[in-house]
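Inspection log for the structure reproduced underneath, given as structure tokens.
What follows draws every value from the coordinates through simple rules; no lab data is involved. Values in this document were obtained by computation on a predicted structure and should not be read as measured data. FYI the Cβ positions are ideal-geometry reconstructions off the backbone, even for glycines, and counts take in every protein chain you see.
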Amino acid sequence: MSPPVKIIGHYASPYSHRVEMALQLKGVPYELIQEDLSNKSELLLAKNPVHKKVPVLLHGDLAICESLVIVEYIDEAFDGPSILPADPYDRAMARFWTNFIDTKFSQPIWLAYWSEGEAQKAVVKETKENLALLEAQLNGKRFFGGDTPGYLDIAACMLGPWIGVLEEVTGVTLVNGNEFPALCQWAKEYSSSEALEPCHPDRDRLVAYFTENKEKYKMMAKTMLQQ
Amino acid sequence: MAGAKKGLVLLDFWVSPFGQRCRIALAEKGIPYEYSEQELLGAKSDLLLRSNPVHKKIPVLLHDGRPVCESLVILNYLEEAFPDASPKLLPADDAYARAQARFWAAYSDKVYEVGTRLWKLKGEPQAQARAEIVQVLRNLDGELGERSFFGGEAFGFVDVALVPFVPWLPSYERYGEFSVEGIAPRLAAWARRCAERDSVAKSFHPPEKVDEFINLLKKTYGIE
């Protein structure tokens with residue numbers, strides 16, 4: 001029997017969700033351990049001593065950290081449909097764009113939602129430039145990966161369920177259908193995907209979470225932009 | 001791609017540790033390539049801007065004209081696109097060992113990221129950077145343990161990813177008032193061990209040159 005698979009994660013974290021998506025696409029059953037991020041568990045601190053963050057994949061006795069490292073591990077360790085493309089150059093492109101999401105895209109879009117006033121203008125501009133780059137990557141395809149979701153779709157999951165929630169909670173609209181029709185269509189494909197349906201986050205729960213943490217995130221954004 | 005130059009061209013900058021990662025991997029694997037020094041402090045070349053429009057940065061590996069950007073993406077690409085080139089830098093059949101290698105290779109970026117804050121900032125933010133870099137080096141020392149290389153017996157993926165930051169450490173030691181030998185002795189020994197490798201020695205510039213370059217950057221950014 002295969003060693004048990006668990007995720008130490010959090011329902012509001014798109015990074016945690018990436019891991020669920022990957023396991024879902026591979027058809028691997030798993031248990032999700034919800035972490036209380038305000039009071040980190042002994043288990044999390046033991047399994048991710050370097051970063052002390054979610055998600056962590058537990059595969060039997062093994063612990064793997066960092067969401068994209070975990071997704072590549074899942075692709076290699078389990079049978080099932082491939083997550084990364086087969087061709088080395090296509091793999092390089094997929095890794096380039098997932099790296100783009102984590103290093104150039106994520107922070108500005110987060111700041112764009114939670115900041116205000118003059119400081120917000122610059123991050124909104126940067127975010128729209130970044131969104132345009134991702135829009136272009138879709139290039140008429142249903143998913144970044146082609147007909148079925150792949151590595152970049154998993155990495156970009158924030159553009160699915162989270163965008164609608166953040167736009168509702170903050171009142172800030174960034175991913176509109178006029179400027180980004182392909183990304184909006186992608187979000188629809190994503191939310192109606194049967195393959196991913198079992199791990200779709202609960203929208204109401206996300207709205208409640210971000211509403212509850214609104215003031216905290218606004219303070220954090222303000223501090224970050226002042227530096 | 002029509003009219004594209006066949007073979008490998010590496011768009012790079014002499015002192016870039018990210019470029020050095022690629023040079024070292026190519027040398028270790030004995031893969032021939034053309035080195036193309038790029039102007040970064042002045043006007044960037046058309047070739048660089050066309051090849052990496054998103055980041056406009058080196059290194060960029062052009063393979064028959066097709067660009068691969070981001071140093072760790074390039075390292076993975078070399079593993080996969082040249083499967084017959086040896087040595088393999090990633091363990092072949094062990095998904096967990098590969099995951100660990102990718103984790104620590106990505107983590108090694110922190111040496112440069114935090115080190116840069118160390119020479120750029122003053123006061124409290126600099127003190128914070130100092131505390132962070134000491135922790136990073138301790139973590140790396142702990143991960144290395146008693147092994148010769150991060151790859152185990154053999155020089156591997158994490159070693160290639162981390163070793164280019166070694167000539168920067170003397171500068172970081174000075175700015176941060178710490179010693180690598182003192183806080184991470186196994187890592188210090190590893191650095192000396194790696195410097196003996198041909199691929200590493202040939203790509204390295206002496207720490208004095210690196211320090212000079214940091215001073216040049218400080219001038220460029222208007223930092224005292």
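What value, in deg cm²/dmol to 500, does the helix sum -39500 (n - 2.57) over DSSP H runs of n ≥ 4 give at 222 nm once divided by the residues of chain B?
Taken over chain B, the calculation gives -17500 deg cm²/dmol.
Picking from B:LEU137, B:CYS194, B:SER179, whose Cα lies most toward the positive end of the charge dipole for the range B:135-202 (charges on Cβ: Lys, Arg +1; Asp, Glu -1)?
B:CYS194
Would you mind telling me which residue in B:LEU169, B:LEU26, B:LEU49 has the biggest mean-square fluctuation in a Gaussian network model of chain B, where springs connect alpha carbons within a distance under 10 angstrom?
B:LEU49
Would you please put A:9-17, A:65-73, A:111-119 in order of how densely packed they are, using the mean number of other Cβ atoms within 10 angstrom per residue and starting with the highest?
A:65-73, A:9-17, A:111-119
Using a 10 angstrom cutoff on alpha carbons, build the Gaussian network for chain B and name the most mobile of B:PRO170, B:PRO125, B:PRO17.
Comparing B:PRO170, B:PRO125, B:PRO17 in a Gaussian network model of chain B, the most mobile one is B:PRO125.
Are there GluC sites (Glu not before Pro) in the range B:159-218 that DSSP puts in a loop and that have at most 14 other Cβ atoms within 10 Å, and which ones?
Working: sites: B:GLU173, B:GLU177, B:GLU181, B:GLU196, B:GLU208, B:GLU212; in loops: B:GLU177, B:GLU196.
Those satisfying the criteria are B:GLU177, B:GLU196.
Of the listed peptides B:36-43, A:190-197, what is their order by residue-averaged count of other C-beta atoms within 10 Å, with the highest listed first?
The peptides rank, most packed first, as A:190-197, B:36-43.
Quick check on the protein assembly as shown: take the gyration tensor over C-alpha atoms, sort the square-rooted eigenvalues as a ≥ b ≥ c, and tell me if it's rounded (a/c under 1.5), prolate or oblate.
Working: a/c = 1.34, a/b = 1.30, b/c = 1.03.
The shape class here is rounded.
Taking the alpha-carbon distance from B:LYS6 and a cut-off under 14 Å, which aspartates and glutamates remain once sequence neighbours fewer than 8 residues away in the same chain are dropped?
List returned: B:GLU34, B:ASP64.
Pull up all non-local amide H partners of A:SER41: gap of 5 or more, or a different chain, and H-to-H distance under 5 Å with H placed in the peptide plane.
Under 5 Å from the amide H of A:SER41: A:ASP36.
Anyone know which of B:HIS55, B:HIS63, B:HIS205 comes out most mobile in the 10 Å Cα GNM of chain B?
Greatest mean-square fluctuation among the candidates belongs to B:HIS55.
Find the relative contact order for chain A and round it to a whole percent, using C-alpha pairs within less than 8 Å whose residues are 6+ positions apart.
It rounds to 20 percent for chain A.
Less than 20 Å apart at the alpha-carbon level, and either on another chain or at least 8 residues along: which aspartates and glutamates does that give for B:LYS218?
B:GLU39, B:GLU113, B:GLU124, B:GLU173, B:GLU177, B:GLU208
Just in the range B:1-79: which trypsin sites (Lys or Arg not before Pro) are loop by DSSP and have at most 15 other Cβ atoms within 10 Å?
Passing sites in the range B:1-79 are B:LYS5, B:LYS6, B:LYS56.
Rounded to the nearest 500 deg cm²/dmol, what is the calculated helix-only ellipticity per residue at 222 nm for chain A, with -39500 (n - 2.57) per DSSP H run of length n ≥ 4?
Numbers: 11 runs with 123 residues, N = 227.
My calculation for chain A gives -16500 deg cm²/dmol from helical runs alone.
Under 5 Å between amide H atoms, partner at least 5 residues away or on a different chain: which partners does A:GLY145 have, H built in plane at 1.01 Å?
When sequence neighbours closer than 5 places are left aside, the close amide H contacts are A:GLY150, A:ASP153.
Which residue, A:TYR209, B:ILE214, B:LEU118, has the largest displacement toward the positive end of the dipole of the protein assembly as shown when charges sit on each Cβ (Lys, Arg +1; Asp, Glu -1)?
B:ILE214
Could you work out how far apart the two model spin labels at B:ASP198 and B:GLN135 are, taking each label as a point 7 Å from the Cα in the direction of the beta carbon, and quote it in nm?
Label-label distance for B:ASP198 and B:GLN135, simple model: 4.2 nm.
At a Förster distance of 22 Å, what's the computed FRET efficiency of B:ASP64 paired with A:ALA136, Cβ-Cβ distance as r, to 0.05?
0.45
Averaged across the residues of B:73-79, what count of C-beta atoms belonging to other chains lies within 10 Å of each residue's C-beta?
For this peptide, the per-residue mean of nearby foreign Cβ atoms is 4.
To make sure I understand the rule: partners must be lysines, Cα under 22 Å from the Cα of A:LYS47, and not fewer than 8 residues away in the same chain. Which ones qualify?
A:LYS6, B:LYS110
In debye to the nearest 20, how big a dipole does the range A:1-108 give about its Cα centre with +1 on each Lys and Arg Cβ and -1 on each Asp and Glu Cβ?
Values: 10 positive and 14 negative charges, 62 e Å.
Dipole magnitude for the range A:1-108 comes out near 300 debye.
Nothing charged except the Cβ atoms of Lys and Arg (+1) and of Asp and Glu (-1): what's the magnitude of the dipole of the range B:1-106 about its Cα centre? Round to the nearest 20 debye. Each step should come with its number before you reach the end.
Values: 13 positive and 13 negative charges, 50 e Å.
Here the range B:1-106 has a charge dipole of around 240 debye.
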